[in-house]
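Have a look at the structure below before the remarks.
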Amino acid sequence: MPFLLQTEPTSILSTTTVQMCEIDKGREVHGVIFKLGFDGDVFIGNTLLTFYGNHGFFGDAIKVFDEMLERDKVSWNNVYGLCSLHGFYEEALGFYRRMVAAVPGVKPDLVTVISVLPVCAESKNEVMARIMHYYVLKVSLFGHVKVENALVDVYGKFGSQKASSRVFDEKVF
């Protein structure tokens, strides 16, 4: 009998299996995960969210996110990235607002900022970009090259040469 059939399923085994699957098999594994009661595990939820998103099933990914009993920073950052990848910029900003307003203990980090700033540019939401810029300064994320580049890019896309140049001139090289 193969080793896997003799092994009690675990959350690690389940996430590894999902990551290796094509969509049909992944859905089957998702069903088994649900049956075994692992669907409440945040690590598995994040894996399923990424799995469906990477296979182009945006609706299924969002459903997984909405049904997650617990979400961490990875969950929120994944959902912004998936929304952005699929062109749902306003939805990405909606998830960001939801996280900031309703999730105690989960604060935007470096990954959040570099995920949300391009969404601000694509959705032409200059107010949110400026709020993010203020946040970057407030929590000392300025100095990270990816954040600085994202700010230069977002202001450039808004046609704000002055703001873009100011960020570029203040960059830490």
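Just so it is clear, none of the values below were taken in a lab; they were calculated from the coordinates. It should be emphasised that the depicted structure is a prediction, and the values quoted were computed from it without experimental measurement. Using ideal geometry, Cβ is built from the backbone for each residue, glycine included, and neighbour counts are taken over all protein chains shown.
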Which aspartates and glutamates have a Cα lying under 16 Å from the Cα of residue 138, excluding residues fewer than 8 positions away in the same chain? 109, 148, 170
Among 124/157; 73/157; 107/171; 146/171; 124/171, the pairs whose Cα-Cα distance exceeds 20 Å are 73/157; 107/171; 124/171
Sticking with the crude label model, points 7 Å out along Cα→Cβ, report the distance from residue 157 to residue 170 in nm, one decimal please. 2.0 nm
